[in-house]
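Every read-out reported here was derived from the displayed coordinates using simple, explicitly stated rules and does not represent laboratory data. This structure is a prediction, so every number in the text was calculated from the model and none was measured. Glycine also receives a Cβ, built like all others from the backbone with ideal geometry; neighbour counts cover every protein chain displayed.
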Amino acid sequence: MRNLQSLVGLAGLVVASFSLSTLGAEQNEVDARHLNKMGIEVLSTEPGEIDGYIRAITNQGMFYVSDNGERLISGNVFDITGSEPENLSEAAMAKVRLKMLKGFTDDMIVYPAENEKYQVTIFTDTTCGYCQRLHENMGSYHAEGITIKYLAFPRGGMDSKGGRQLQTVWCADDKKSAISAFKDEKNYSGSSSCSNPVAEHYQLGKSFGVTGTPAIVLPDGRLIPGAVPASRLAAEIRKGESQ
């Protein structure tokens, strides 16, 4: 890890604008006019770790915004006073993710482990090679007692191949058969024109800070990227339980 003094990294911004129906925006404590011009919509705010800045959960992830709304910082803030650096930003965001996920429970495609010990939520894309590999190895996750719950995250946007396929999946009566067919790159005929929640899943993932797939939300709300092998995923979950 880089040596950081109360570290804050700056990152570019992607212009997008939407609202999450599952989480009403609270009364903002910042002047959001400048943020709105950048396509950033503030969903909720709370006191942050930097004096003079509010921690804002937005449609593009978490940012620190100055009280007057004129300065924006993207990145993580660490407490470096302990034996190991503590990521204060990620700890705060983990709680937000768990809260927001509750509104999407009924939308998930669930693969339950017979002897369930843990549940993880995975943002997935049918056209993602690593997502396909993870799906193929579902049995190894079940062997570790890990139940897999899918939400959609079309990496290329709603109009991409993955976006169209994921909408077809969530329109299907048998969603498991549909998602397996697409991930196995087999032909599947179905409609994508129903009222489906894929756009909301996509928006939720972006607010969580998801930039690629698979992206795994652990039981404690931490977000880890990639097709993490089952044994390592179980170890990471246990690590969170011990902290």
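Report, in cubic angstrom per residue, the convex hull volume of the C-alpha atoms of the chain.
Numbers: hull volume 32.0 nm³, N = 243.
Considering the Cα atoms of the chain, their hull volume per residue is 132 Å³.
Is there a quick way to get the dipole size of the chain? I mean about its Cα centre, with the Cβ of Lys and Arg at +1 and of Asp and Glu at -1; what is the value in debye to the nearest 20?
580 debye
For an R0 of 22 angstrom, estimate the FRET efficiency from the Cβ-Cβ distance between K95 and R71 and round to the nearest 0.05.
Values: r = 25 Å, r/R0 = 1.12.
Once the sixth-power term is evaluated, E becomes 0.35.
Which aspartates and glutamates, if any, have their Cα less than 16 Å from the Cα of K99, not counting same-chain residues under 8 positions apart?
Of all the aspartates and glutamates, those that pass the test against K99 - Cα under 16 Å, at least 8 places apart if same chain - are E26, E46, E90, D107, E200, D220.
Output the relative contact order of region 102-242, whole-number percent, from Cα pairs under 8 angstrom with separation of 6+ residues.
For region 102-242, the relative contact order is 28 percent.
Note down the relative contact order for region 63-173 as a percent, whole number, built from C-alpha pairs under 8 angstrom at least six residues apart.
Rounded, it is 21 percent for region 63-173.
For region 44-141, I need the span (max minus min coordinate) of the C-alpha atoms along each principal axis, in Å, sorted largest to smallest.
Result for region 44-141: principal-axis Cα extents of 49, 34, 26 Å.
Stretched out fully, how many nm does the piece from S242 to E185 gain, at 0.36 nm a residue minus the Cα gap? Don't skip to the answer; put the middle values down first.
Numbers: separation 57, 0.36 × 57 = 20.52 nm, distance 3.97 nm.
Difference between extended and current length: 16.5 nm.
Over 28 Å between Cα atoms, which of K102/K186; K37/K183; K102/K175 qualify?
K102/K186; K37/K183
Can you say what percent of the DSSP beta bridges in region 102-242, counting only those with both residues inside, are antiparallel? Round to 5.
In region 102-242, DSSP labels about 55 percent of beta bridges as antiparallel.
If we count other beta carbons within 10 Å of each Cβ, what is the order of S191, S74, S83, S180, fewest first?
Going from sparsest to densest Cβ surroundings: S83, S191, S74, S180.
Determine the principal axes of the Cα atoms in region 102-242, then give the extent along each, sorted from largest to smallest and rounded to whole angstroms.
On the principal axes, region 102-242 reaches 45, 29, 25 Å in Cα extent.
Reachable lysines from K95, Cα under 27 Å, same-chain residues fewer than 8 places away excluded?
Straight-line reach from K95, under 27 Å: K117, K149, K206, K239.
Specify the inter-centroid distance of region 33-103 and region 189-243, based on alpha-carbon positions, in whole Å.
If we compute the Cα centre of each part, the gap is 19 Å.
Loop sites only, by DSSP: take the GluC sites (Glu not before Pro) in the chain that have at most 10 other C-beta atoms within 10 Å and name the longest stretch containing none of them.
1-113
Mean separation of Cα pairs under 8 Å and 6+ residues apart, divided by the residue count of the chain: what relative contact order is that in percent?
18 percent
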